[in-house]
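Heads up, the thing below is written out as structure tokens.
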Amino acid sequence: MKSRPVITALCLCLTLLATPLMAANTDEPVGIVKSKLDEVTAILKREDIPLEQKRTLIVNAVSPVFDLPLMAKLVLGKDNWQRFSAAERKEFSDIFTARLKRLYLSKLEMYSGEKVIFQKPTDNGNKVSVPTAVISEGSTLPVIYKLHRGSQGWQAYDVDISGTSVIKSHRGEYDAFLKTGTPRQLIDKLKQSD
């Protein structure tokens, strides 16, 4: 019977310790998203550098935060990814990464002083969703950054804009093509459209 109070006390201690750990688990990914958004905003506001240099600075700032190889794999889905040879996977990843960077830059270049509000993050263990709201002239655009903890620390593997996942929207397009086309044909098509 003496062990019951010890076990109870131990459980209480673990519960108290777990609460700050859970909070800390979301603090780091939220901090990463916030610091990168601040860095990108500062670059966009600079009037002393040309647009092409801004693009380079932005890509250099945000690339380490995105798990681009994982995004390329997720966008194809497990079954389609297995259909690609190692060389095709690398080639597809490079093309997809370049397209994603162009898409990101084109959206950022529309920035005109919008305010970003951070909302309560969701912690799913090794994954954290960081919801934000972009406020612009009375309208609100919800953007959710989805991060996972990998070998490189916290990195984004998807972005959900107004309920549309970047990964899922591209996956739908590629999946439809690969129902009848080959991995090589998809790669060639993406090269031609660039």
Counting only residues in the stretch 124-142 that are touching a Lys or Arg at 6+ places or on another chain (Cβ under 6 Å) and open to solvent by 50 Å² or more (accessible area, probe 1.4 Å), the one farthest from Lys34 (Cα to Cα) is identified as Asn126
Residue satisfying all of: in the stretch 29-70; without any contact (Cβ under 8 Å) to a residue 60 or more places away in the chain and in contact with a Ser or Thr (Cβ under 9 Å, 6 or more places away or on another chain); nearest to Ile117 (Cα to Cα) among these: Ser63
Could you check, for the stretch 99-122, whether at least one of its residues is over 13 Å from the mean Cα position of the chain (by Cα), farther than 25 Å from Lys54 by Cβ and either surrounded by 14 or more Cβ atoms within 10 Å (Cβ to Cβ) or modelled with pLDDT of 95 or more (or both)? yes
Within the stretch 154-179, which residues are modelled with pLDDT of 90 or more and part of a strand (DSSP E or B)? Trp154, Gln155, Ala156, Tyr157, Asp158, Val159, Asp160, Thr164, Ser165
Quick one: how many residues across the stretch 39-73 are assigned to a helix (DSSP H, G or I) and under 21 Å from the mean Cα position of the chain (by Cα)? 24
Within the stretch 160-186, how many residues are buried (at least 18 other Cβ atoms within 10 Å of the Cβ) and either within 17 Å of Ala98 (Cβ to Cβ) or not hydrophobic (A, V, I, L, M, F, W, C) (or both)? 7
In the stretch 74-86, the residues that are assigned to a helix (DSSP H, G or I) and either without any contact (Cβ under 8 Å) to a residue 12 or more places away in the chain or over 17 Å from Ile167 (Cα atoms) (or both): Lys78, Asp79, Trp81, Gln82, Arg83, Ala86
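The values are calculated or read from the model by the stated rules, or taken from the named source; none is laboratory data. Everything quoted here is computed from the prediction, not taken from an experiment. All Cβ positions, glycine included, derive from the backbone under ideal geometry; neighbour counts span all protein chains shown. SASA here: full protein model, heavy atoms, side chains in, ligands and nucleic acids out. Shrake-Rupley method; radii C 1.70, N 1.55, O 1.52, S 1.80 Å.
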